[in-house]
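Everything on this sheet refers to the single structure shown next.
The values are calculated or read from the model by the stated rules, or taken from the named source; none is laboratory data. Just so you know, these numbers come straight off a predicted model, no measurement behind them. All Cβ positions, even for glycine, are placed from backbone atoms using ideal geometry, and neighbour counts span all protein chains on display. Areas reflect the complete protein model, heavy atoms only, side chains present, ligands, DNA and RNA absent. Shrake-Rupley method; radii C 1.70, N 1.55, O 1.52, S 1.80 Å.
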Amino acid sequence: MSARPLAVTVLGATGSIGLSTLDVLARHPDRYRVHALSAHRNVDALAGLCERHRPEYAVLPESSAASRLQARLHAAGCRTEVLAGAEALAAVAAAPETDAVMAAIVGAAGLLPALAAARAGKRVLLANKEALVMSGALFMEAVRAHGAQLLPIDSEHNAIFQCLPPAAQAGGRPEGVTRLLLTASGGPFRDTPVDEIPHKTPAEACAHPNWSMGRKISVDSATMMNKGLELIEAFWLFGLPRERIEVVIHPQSVIHSMVEYADGSVLAQLGNPDMRTPIAHALAWPERIASGVAPLDLFRIGRLDFRAPDLLRYPCLGLAQAALAAGGTAPAILNAANEVAVAAFLDGRLGFGGIAQLNAAVLDAVPAAAADTLDAVLAADAAARRAAEARIDGDKLAGGVR
Ligand code: NAD
Ligand code: MG
């Protein structure tokens, strides 16, 4: 164990992953201290976290919210300094005083601070899969060029990392690995008649059978866009050809993913569906620490089932496969369309069935280009958002929401 506690910055501290991270950190005050916390708009929640975890910095995007937070913390006798804006966010992620950065902002908003952490050579605990989907080549290159240590938090990717040969964990090629088997629960509509799925409501889509998560990723799990994004994430993280990454529906969410080897061995990582396991793993790797997760009770689980995904039920998975095959900025375009579509669905401006339709239409309409600069990626993201919003507005004018 290190002599001084590791300083951790938690981006997206008020979210599902952020709170689970703070829960694990608080179990090990001798190993970890919190350097900075960030949130979006929830001043009350961030104030409570600052009072409890006493970070040096707290960051919010808007200065008015930041001023309110600062006043509240002063009144409470908390010495956390509050900063505002995207540059401040990137600065705390790259600060010399930070050793590790948990990148747990949801969506494209998480890309720049996660990239800043990678460019500063930090230990990057990556929950924000959208960053790799948008700019996988650039992100992985930044990790390599700046000697950052990238540890996946997404449970499937963390499971695969745990099952890889040690040389591959250290950044080498995955020698002897023939396939990655990415497991998926199938979400809340796994057994729903296919013709009923397009009419599902946000409450139904967010009621995940196994995991408790933020609303965006919950909807992505219901459409299985989440698995599509994870396929692209796995492609960039592990360096296998895309044909060698297979999605397997496993309703119990006990096996978090598997690695198949040339000799016929298949290694799996199992555990209860609680994100504190991958978080604790990535924080302490290569050591192991307690996470607060209950031991796995195999007798209660009883059985493990597997089935192949059906692309008619989950058209978003097919779109992600197509975007990965197309390459360049196609995944960034799909990701941006999907963020707009999911937000519109959660706001009641788009039906559930409209998510896949909108994603397909935008992927088709916005031309993909090379994703070799950050500007190209951000331009593709912006173009796809405009195209998606225009289609939603156009549909409204044409007679209502799908
Ligand atoms: P969440 O919605 O619960 O939390 C998101 C966090 O990001 C919040 O702290 C919010 O304040 C912040 N945020 C949102 N928009 C922002 C913006 N524009 N600028 C700055 N901050 C912003 O989401 P979550 O479920 O914790 O997921 C976070 C990330 O982790 C996502 O990329 C998700 O795909 C990934 N992930 C989550 C889980 C899970 O179990 N929740 C599992 C695997 C991967
Ligand atoms: Mg996952």
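Looking at this structure, is Asp372 on the phi < 0 side of the Ramachandran plot and without any contact (Cβ under 8 Å) to a residue 24 or more places away in the chain?
Considered against the rule, which asks whether it is on the phi < 0 side of the Ramachandran plot and without any contact (Cβ under 8 Å) to a residue 24 or more places away in the chain, Asp372 comes out as no.
Only one of Ala88, Ala142, Ala45 is within 14 Å of ligand 1 (Cβ to nearest atom) and crowded, with 20+ Cβ neighbours inside 10 Å; which? Ala88 is the lone residue from the list that is within 14 Å of ligand 1 (Cβ to nearest atom) and crowded, with 20+ Cβ neighbours inside 10 Å.
Screening segment 283-385 for helices (runs of 4 or more DSSP H) wholly inside it with 3 or more residues that are at pLDDT 95 or above and buried (at least 16 other Cβ atoms within 10 Å of the Cβ) returns the ranges 315-326, 330-346, 352-365.
Close contacts from segment 204-233, counting a first residue that is over 18 Å from Pro273 (Cβ atoms) and among the polar types (S, T, N, Q) and a second that is assigned to a helix (DSSP H, G or I) and more than 13 Å from ligand 2 (Cβ to nearest atom), with Cβ to Cβ under 6 Å and a gap of 6+ residues or different chains, come to Thr223/Cys316; Thr223/Ile355.
Across segment 120-139, the number of residues qualifying as within 13 Å of ligand 1 (Cβ to nearest atom), small (Gly, Ala, Ser) and open to solvent by 10 Å² or more (accessible area, probe 1.4 Å) comes to 1. The combined condition, being among the charged types (D, E, K, R), farther than 24 Å from Phe139 by Cα and more than 18 Å from the chain's Cα centre (by Cα), is fulfilled by Asp195. Within segment 110-131, residues that are more than 16 Å from ligand 2 (Cβ to nearest atom) and modelled with pLDDT of 95 or more sit with their Cβ atoms under 9 Å from residues that are open to solvent by 10 Å² or more (accessible area, probe 1.4 Å) and among the polar types (S, T, N, Q), at 6+ positions apart or across chains, in these pairs: Gly121/Gln149; Lys122/Gln149; Arg123/Gln149; Val124/Gln149. For Val24, the requirement of being assigned to a helix (DSSP H, G or I), buried (at least 23 other Cβ atoms within 10 Å of the Cβ) and either away from ligand 2 (no atom under 16 Å from the Cβ) or within 24 Å of the chain's Cα centre (by Cα) (or both) is met. If the condition is being among the aliphatic types (A, V, I, L, M) and either within 17 Å of Arg307 (Cα to Cα) or part of a helix (DSSP H, G or I) (or both), then segment 195-207 contributes Ile197, Ala203, Ala205.
Among residues of segment 147-173 that are buried (at least 24 other Cβ atoms within 10 Å of the Cβ), those with a beta-carbon under 6 Å from a residue that is among the basic types (Lys, Arg) at least six positions away or on a different chain give the pairs Asp154/Lys129. Considering (1) within 16 Å of ligand 2 (Cβ to nearest atom); (2) in contact with a helix residue (DSSP H, G or I) (Cβ under 7 Å, 6 or more places away or on another chain); (3) not acidic (Asp, Glu), the lone condition that Ala159 does not fulfil carries the number (2). Of the residues in segment 62-83, none is in contact (Cβ under 8 Å) with a residue 12 or more places away in the chain, in contact with a strand residue (DSSP E or B) (Cβ under 9 Å, 6 or more places away or on another chain), near ligand 1 (Cβ under 10 Å from one of its atoms) and open to solvent by less than 60 Å² (accessible area, probe 1.4 Å).
Output yes when any residue across segment 208-216 is assigned to a strand (DSSP E or B), within 16 Å of ligand 1 (Cβ to nearest atom) and farther than 23 Å from Ala341 by Cβ, and no when none is.
Going residue by residue through segment 208-216, those that are assigned to a strand (DSSP E or B) are none.
There is no residue in segment 208-216 that is assigned to a strand (DSSP E or B), within 16 Å of ligand 1 (Cβ to nearest atom) and farther than 23 Å from Ala341 by Cβ.
Here segment 188-203 is the region considered, the condition is being touching a residue at least 24 places away in the same chain (Cβ under 8 Å) and in contact with a Phe, Trp or Tyr (Cβ under 9 Å, 6 or more places away or on another chain), and the residue that is farthest from ligand 2 (Cβ to nearest atom) is His199. Please work out if Arg190 is at pLDDT 95 or above and basic (Lys, Arg). Criteria met by Arg190. Starting from residues that are part of a strand (DSSP E or B) and open to solvent by less than 10 Å² (accessible area, probe 1.4 Å), keep the ones in segment 243-271 and report whichever is farthest from Ser185 (Cα to Cα). Here the answer is Val259.
Conditions tested, residue by residue: (1) touching an Asp or Glu at 6+ places or on another chain (Cβ under 9 Å); (2) surrounded by fewer than 18 Cβ atoms within 10 Å (Cβ to Cβ).
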residue: Val194; (1), (2): yes, yes
residue: Ala207; (1), (2): no, yes
residue: Trp211; (1), (2): yes, yes
residue: Phe235; (1), (2): no, no
residue: Pro241; (1), (2): no, yes
